[in-house]
Every structure is written in C-alpha cells, then in structure tokens.
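The block underneath contains the structure these notes are about, expressed in structure tokens.
The values are calculated or read from the model by the stated rules, or taken from the named source; none is laboratory data. Please read all numbers here as calculations on a predicted model, not as lab measurements. Cβ coordinates were reconstructed from backbone atoms using ideal geometry, including for glycine residues, and neighbour counts include every protein chain displayed.
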Amino acid sequence: MRRLPWNDDVTVTVAALRGLAPPPREVQAAVAAIVADVRARGDQAVREQTLRLDGVELPAAYGVAPALMDERLGALTPELRAALDLAAANVRAYHEREAVAPWRMRLAQGQVVGQAVVPLSVAGLYVPGGLADYPSSVLMTAIPALVAGVGRVVVCSPPRADGGPAAGVAAACALLGVTGLFPIGGAQAVAAMALGTRQVPRCDVIAGPGNAYVTEAKRQLVGEVGIDSLAGPSEVLIIADESGEPVWLAADLLAQAEHGSGAMACLADVGGTLAERVTGECERLSGELGIATGSVVIVECPDRAAALALSNAFAPEHLELHCADAGALVPEVRNAGAVFVGAHAATAFADYAAGTNHVLPTGGSARFAQGLSVDAFRKRMAVVELDGAAAGRLAEAVATIADEEGLPAHALSARLRAQ
C-alpha cells in the first residue's frame, strides 16, 4: 500500500495514481504488433498469438459448439443458476428502461424531421477471463445488445488450458441464447472481431471490459470498428469521512485490487482519520484472501471539497461515497463511470446484480464517456420528410446559404423544389 499527502495541485496526485497502470508505450507497441499480425494472417495469427500468450493450442475451427454451452448451463448449481437469473432480470429491466425510441416532429415550415433507431448487425463482446470466470460480464455485455435488437452477437473470452471456454462464460451464453462464442482473448481477440477472420465474423462494434492490452487494441482499431468505451483495467476511488467503516472500506479496496494487473484502488481519506485503521484492515484481509495491496493508495484530503476535486480530476470508473449525507455529494460529481451512494452501496453489488452495467469507462475517460448502454448497439438515423409546400417555404433560405458558400448545385437543387 501507498499513502500520499494532500497536494493542492490535484494533477500531481492524479499522475501518481495513473502511474500504477502498465507503461503505455510498452502496451501500445505490443498491441500494434498483434493487430498487424492478425490483419495480415487472420486465424493463423490468432492461434499463434494464443499459443504464445496463453499457452493454449487452438484447433483450426475454434468456435465453441452450442451443445457444449448448453451442457455448461445444465451443470450449474441451482444456487448459481438462480443468482444468474436474478442478475439477468435486473440488468434487462435497467436497459429496457434506458432504450431510446424513434421519434418524429413537424417544424414550422411543414417538414417532418425525426430519428430512426436501427440496431447494429453484428456486436462483438469481450469477456475477460485471464484470472477468473466471468459470467457476469456476459450478462452485462450481451443483455444490452439483445435489448437493442442486434442481429448477431459474438463473444470472445480467453481459453482455459484445454482450449475451451470458461464454464461460467459458456453457461451464461447459453442462458441468454448467444451461440457465437470463441475461446480467444487479449488484443488478438479484439483484432479478430474488428477485422474479421474465417472463424470470427467482422463486427460493427466491440464492447466489454479488459486489461490494458484489450483496451489499447480497442483504441487502435477505432474507425475500423465502433467501440463502447475504453473499459479497463478496473479502478475505484472511495471518498470516506470519519463515519466510514474501516473493514468495509478495506474490502471494497481489495475488491478492485484483485482484478490484477493495472487495477487501482484509492481511498480519499477526508480529514485523515481513517488511514491507519484502513491500512491495518487491508493488511489483515490481504493475508486472508491472498490479494496483493501494491495497487492500493490512500490520499489524505483536508475536506470533502478537496476529495471531490481529486475525484473529478481523476474521473474514476467507480466512485463510492462513504460519507454522512452522501446523497448530497452526488450533484457535485462531474466525472465518474458510476456513483455508489452510501456505505452499503459497494461496487460489488453493481458488478453482479444491482441492475446497472459494470462495463464502465476507465483511465480517466469518464471525463467524456459513459457506461455501456443500449445506445452502444444502435445507431440513430436522421429522417426528413418534405412535401411541396414545405420545400417551397424552405427553398429560398437554403439557396441563399448555398450561394454564400459558393455551392450553386445545392442552391439549384433547393430552388427546383420551389417551382
């Protein structure tokens, strides 16, 4: 663990926190080489990169058979099946509520304008799996895609030692009716979905969390494919005052640290009353749970305003508010992927079953990005309807502007409709 004193220049503290992530130049170079390899050699490159990075030799046809997914679903314990069903219902309810509907309106000159909302044809979903089995990430990525009406859903997730998918990931795909599952991970999986191979369909959008290499691959391929956000590695910033419960805070910090490489957990200790006790609880739980604390940081903040300034500058993926009257702070939060209000609202609840999505912007991108939503899997198309009367009322204004811009064909096109 590390402890940082307060610095009135919050950019210094933000730089120190961001410095816990893998060196960006090393990640960028490694990802660029993998993307170029997949671009040039397709599935052969995917298989060779999987063998090199994961130690797994994939067959020529490496897609997962739907029968295997159904088998994994049937093998779930009743308790896990019920938990996944509950989580899926809550996540679906949340995303159905947020979905945008098409609309039309008539403007003053008589023209009808509006938007058509069209689902994308193929969505590529990345489900991490290097350290664990993440059926929750299948729910979080596939459900909004299905609510959006996407035609085909493709899931890529790192293979297990036998070359197959993680059991929970396969079961969750079967639970949702997703049949396109490929046991590949890392930058090579992102490249395969973005570029298309003989095995993996070319996707219109890639969504889902991942490590620094997955996130960098998404960044490098923007323009050839849409992405949801730059989601990963995971991070949490907790603002807590003297009312904070040290063992709860320690558990929440370690819950982010256990995501592994590049993950970051920060406590903004308002008033400096919690650092010693939280450090002690982190060390105790670290020993019990086997989770390293190298990515856990405590920042001493003189007051709540300072802690909020730090949070808004850092723009965390997860922001927890363990303060008296925590709800009063929410209007002052400008930059966060998700806000968890009150000591009981641990990030873990939303990671699994509260209903909101756990795929959130990281690395400071919460300054301009938002969590995964139905909108990531749909596009809005402008629709314009004009009859002769509306065209006549608009034509001269359009032509006048076109004349000013030196575009005579535009002006003629409008004036012809006015005749």
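Here's the yes/no breakdown for (1) in contact with a Phe, Trp or Tyr (Cβ under 7 Å, 6 or more places away or on another chain); (2) free of Cβ contacts under 8 Å to residues at least 40 places away in the same chain; (3) assigned to a helix (DSSP H, G or I):
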residue: G210; (1), (2), (3): yes, no, no
residue: L230; (1), (2), (3): no, no, no
residue: L237; (1), (2), (3): yes, no, no
residue: W248; (1), (2), (3): no, no, yes
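Determine which member of the set A326, A346 is closer than 18 Å to E235 by Cβ and crowded, with 17+ Cβ neighbours inside 10 Å.
A346
Got a number for residues in the stretch 322-375 being closer than 18 Å to W248 by Cα, in contact with a Gly (Cβ under 9 Å, 6 or more places away or on another chain) and β-branched (V, I, T)?
Number of matching residues: 1.
Looking at P331, P316 in this structure, which one is within 28 Å of G355 (Cβ to Cβ), touching an Asp or Glu at 6+ places or on another chain (Cβ under 9 Å) and not hydrophobic (A, V, I, L, M, F, W, C)?
Of P331, P316, the one residue that is within 28 Å of G355 (Cβ to Cβ), touching an Asp or Glu at 6+ places or on another chain (Cβ under 9 Å) and not hydrophobic (A, V, I, L, M, F, W, C) is P316.
Could you go through the stretch 178-192 and let me know if any residue there is among the hydroxyl-bearing types (S, T, Y) and farther than 26 Å from S295 by Cα.
yes
Please verify whether Q28 is under 27 Å from the mean Cα position of the chain (by Cα), of a type in the set (S, T, N, Q) and within 30 Å of L310 (Cα to Cα), treating the condition exactly as stated.
Spelling it out, Q28 is indeed under 27 Å from the mean Cα position of the chain (by Cα), of a type in the set (S, T, N, Q) and within 30 Å of L310 (Cα to Cα).
Which fully enclosed strands (runs of 3 or more DSSP E) of the stretch 43-145 have 3 or more residues being touching a helix residue (DSSP H, G or I) at 6+ places or on another chain (Cβ under 9 Å), modelled with pLDDT of 95 or more and within 21 Å of T179 (Cβ to Cβ)? Before you say what the answer is, go through the steps one by one.
On the way: elements: 103-106, 112-119, 122-126.
It comes to 122-126.
Kindly provide the set of residues from the stretch 154-197 that are among the β-branched types (V, I, T), touching a residue at least 40 places away in the same chain (Cβ under 8 Å) and not in a loop (DSSP other than H, G, I, E, B), ordered by number.
The initial filter retains those residues of the stretch 154-197 that are among the β-branched types (V, I, T), namely 154-155, 169, 178-179, 184, 190, 197.
Filter once more, so that each one left must be touching a residue at least 40 places away in the same chain (Cβ under 8 Å): 154, 169, 178-179, 184, 190, 197.
The answer is V154, V169, V190.
Each row is one residue, and each column tells you yes or no for (1) in a loop (DSSP other than H, G, I, E, B); (2) buried (at least 19 other Cβ atoms within 10 Å of the Cβ); (3) among the basic types (K, R).
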| position | (1), (2), (3) |
| --- | --- |
| A395 | no, yes, no |
| A399 | no, yes, no |
| H410 | no, no, no |
| Q419 | yes, no, no |
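Can you give me the number of residues within the stretch 125-136 that are in contact with a strand residue (DSSP E or B) (Cβ under 8 Å, 6 or more places away or on another chain) and either at positive phi or not β-branched (V, I, T) (or both)?
2
If you check every pair at least six apart or on different chains, which have Cβ atoms under 7 Å apart with a residue in the stretch 213-226 that is touching a residue at least 24 places away in the same chain (Cβ under 8 Å) first and a residue that is part of a strand (DSSP E or B) second?
What qualifies is V214/Y126; K218/I206; K218/I227; V225/V205; V225/I206; G226/V205.
Of all residues in the stretch 1-41, which are under 19 Å from H259 (Cβ atoms), of a type in the set (K, R) and either in a helix (DSSP H, G or I) or modelled with pLDDT of 95 or more (or both)?
R18
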